[in-house]
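Below: one structure, written as structure tokens.
Taken together, the values in this text are just the output of simple stated rules run on the coordinates, not laboratory data. The model shown is predicted, which means the values in this text are computed figures rather than measured ones. Cβ coordinates were reconstructed from backbone atoms using ideal geometry, including for glycine residues, and neighbour counts include every protein chain displayed.
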Amino acid sequence: MRIDSHQHFIDYRAEDYPWIGEQQSVLMQRFLPSDLKPLLQSVAFDGTIAVQARQTLKETEWLLALAEQNDFIKGVVGWVDLCSPDVRQQLDIYSKYPKLKGVRHVIHDEQDDDFMLREPFLRGLKLLGEYGLTYDLLIFEKHLPNAVKLVEQLPEQPFVVDHLAKPRIREGSITEWSRNIKALAAKQNVYCKLSGMVTEADITEWNPGQFTTYLDVVFEAFGPDRLMIGSDWPVCLLSRDYQSVMNIVIQYVDQLSPENREKVLGGNCARFYGVE
């Protein structure tokens, strides 16, 4: 099974998506499962993991409803308020849905760079293991040292880093990111999504070769058993079409053995998120 490990559905209204500004006007519309299904078929993929794009319980409920209606949505990474004193009640409700596989919080939009180390957040995060849920780390490169401290406190919790922790590809910056992503990869409970690279590059001028050095680093750091392809659709449309973005990784892994190639293109994602 080949799985796109990271994409979003959007039903745009300005008040619901404050992160979509005028520079992202292409996203000011609806992106639904009926739009994604033919794109998956165009690259011979079987399914997807839908990831939250709004920090509301309504978003989690909507994604779970879409997953129930569409078999190719293999799992949902939703949102609950991990800092809330009611987080256990929220987890009790949503963990009853078999397609809820994990939780995410938009850490990189928090003003406090130490947000992920705050006690209320840690308290909520520590509950996820009881419910068999994973956690997606959405961070900038600057947050990597704190991410290491975080996962050290939760060695049994499965984590996955979204978008390679957003290295500054546009600037060609790699040294500090490389050192810190390798430190995080040394923690065996951490995986990484090969996603979101095109929007960290020059969105109009990139070529696939620009990403090779960054991919080389994460393949050395995580190995073929803890990496998974992701499109970040429809956000990737700010730069290129779905197929062009997916082909960056699809073509890169041609150099791997057939077994390792299939791990990156779906097997690792299925194992991490518990997709049958």
>> How much of the DSSP bridge set in the chain is antiparallel, in percent, rounded to the nearest 5?
In response: 10 percent
> When only Cα pairs under 8 Å and 6 or more residues apart are kept, what is the percent relative contact order across the range 124-276?
Replying inline: 20 percent
>> Rounded to two decimals, what is the ratio between the C-alpha radius of gyration of the range 38-194 and 2.2 N^0.38 Å?
In response: 1.07
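How much length is gained if the chain between MET28 and SER244 is pulled fully straight, taking 0.36 nm per residue apart and subtracting their Cα-Cα distance, in nm to one decimal?
Value of the extension gain: 75.6 nm.
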>> At 7 Å along Cα-to-Cβ for each site, give me the label-to-label distance between GLU205 and ASP92 in nm.
In response: 5.6 nm
>> Could you compute how fast the chain diffuses translationally, taking Rh as the Kirkwood radius over C-alpha pairs and applying Stokes-Einstein at 25 °C with viscosity 0.890 mPa s? Give it in µm² per second.
In response: 131 µm²/s
> Once phi is turned into ³J(HN,Hα) by the Karplus curve 6.51 cos²θ - 1.76 cosθ + 1.60 with θ = phi - 60°, what whole-Hz value does each residue of the range 215-226 show in order, with x for glycine and proline?
Replying inline: 5, 4, 5, 6, 5, 5, 6, 9, x, x, 8, 10
> Among ILE181, VAL218, ASN247, whose Cα lies farthest out toward the positive end of the dipole of the range 119-276, if unit charges sit on the beta carbon of Lys, Arg (+1) and Asp, Glu (-1)?
Replying inline: ILE181
> Among the listed pairs LYS126/LYS149; LYS126/LYS187; LYS166/LYS187; LYS101/LYS187; LYS74/LYS187, which are separated by more than 23 Å between their Cα atoms?
Replying inline: LYS74/LYS187
> What does the charge add up to near GLU200, with Lys and Arg as +1, Asp and Glu as -1, over the other residues with Cβ less than 11 Å from its Cβ?
Replying inline: -1
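Around ARG170, what is the net charge, scoring Lys/Arg as +1 and Asp/Glu as -1 over all other residues with Cβ under 13 Å from its Cβ?
On the way: positive: LYS166, ARG168; negative: GLU141, GLU171, GLU200, ASP202, GLU205.
Neighbour charge sum, excluding ARG170 itself: -3.
Do any trypsin sites (Lys or Arg not before Pro) in the range 45-152 lie in a DSSP loop with no more than 16 other beta carbon atoms within 10 Å, and if so, which?
In loop regions of the range 45-152 (DSSP not H, G, I, E or B), the sparsely surrounded trypsin sites (Lys or Arg not before Pro) are LYS96, ARG118, LYS126.
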> Residues with beta-carbon under 10 Å from that of ILE49, excluding ILE49: net charge, scoring Lys, Arg +1 and Asp, Glu -1?
Replying inline: +2
> According to the square roots a ≥ b ≥ c of the eigenvalues of the Cα gyration tensor, what is the shape class of the range 11-103, taking rounded for a/c under 1.5, prolate for a/b larger than b/c otherwise, and oblate for the remainder?
Replying inline: oblate
